[in-house]
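Here is the structure we will look at.
The values are calculated or read from the model by the stated rules, or taken from the named source; none is laboratory data. For clarity, every value in this text was computed on a predicted model and none was experimentally measured. When we count neighbours, we look across all protein chains shown, and the Cβ atoms used for this are built from the backbone with ideal geometry, even at glycine. In case anyone asks, the SASA skips ligands and DNA or RNA and just uses the protein heavy atoms, side chains included. Shrake-Rupley method; radii C 1.70, N 1.55, O 1.52, S 1.80 Å.
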Amino acid sequence: VNSSNASVSEFSSMGIPVKSNAYQNIGLSAPDGLAVTSSGNVWIASSYNNALIQLMGGSTPPSSCLSPIGFSDTGCVSSVVKGNDTGLDQPVDMAIDGSGNLWVVNLHGASLEQFSSGGQLLSPPSGYQAPGMVEPKAVAVDSAGNVWVVNYASHSLTKFIGMASPVATPKQGPPKAL
């Protein structure tokens, strides 16, 4: 994710750029975080326009890939979450739980939002909030279903106990040489 030119690039499994700025004209404004679903779809937090954009897994971006945020959908964007009723207020990071639900932190809203895998708001419109949650910058879901939020301004962590579906950590063998 490149926030300075509002694009997302694609890399090979070896870390070699496949397509620089592959998704550049899809309505992103200061993209900050992304998360990948088990089916390979990619959710992107577009901070400045308070939106979440989902790219279809395995899609190759056409040269004129534009999103429904004021543009026509040409096939690479499968859904967009945007609007006052979503509670989004400068979303900066997200994580996906074991049921495929999306957990999003809002930098200026000082809140945690929960969305279904299809982008439907599941949390209250104002999100989940807690004392000490000031300018949350990162979120993660652990194997017990706890949602962890990193708070930038208060230099703290907030733990929402058992709110998410647990994430199964894949078992991997020993590291392999490249």
Local electrostatic count at residue 167 - Lys and Arg +1, Asp and Glu -1, tallied over other residues with Cβ under 11 Å: -2
message: I'd like the distance between the alpha-carbon centres of the stretch 88-127 and the stretch 130-162, rounded to an integer number of Å.
response: 13
field: Hz values of 3J(HN,Hα) by residue in the stretch 123-131 - Karplus curve (6.51, -1.76, 1.60), Gly and Pro given as x
entry: 7, x, x, 7, x, 9, 10, 8, x
Residue 128 - accessible surface, heavy atoms, 1.4 Å probe, Å² rounded to 10: 50
query: What residues have an amide H closer than 5 Å to that of residue 89, excluding those fewer than 5 places away on the same chain, when H is modeled at 1.01 Å from N in the peptide plane?
result: 109
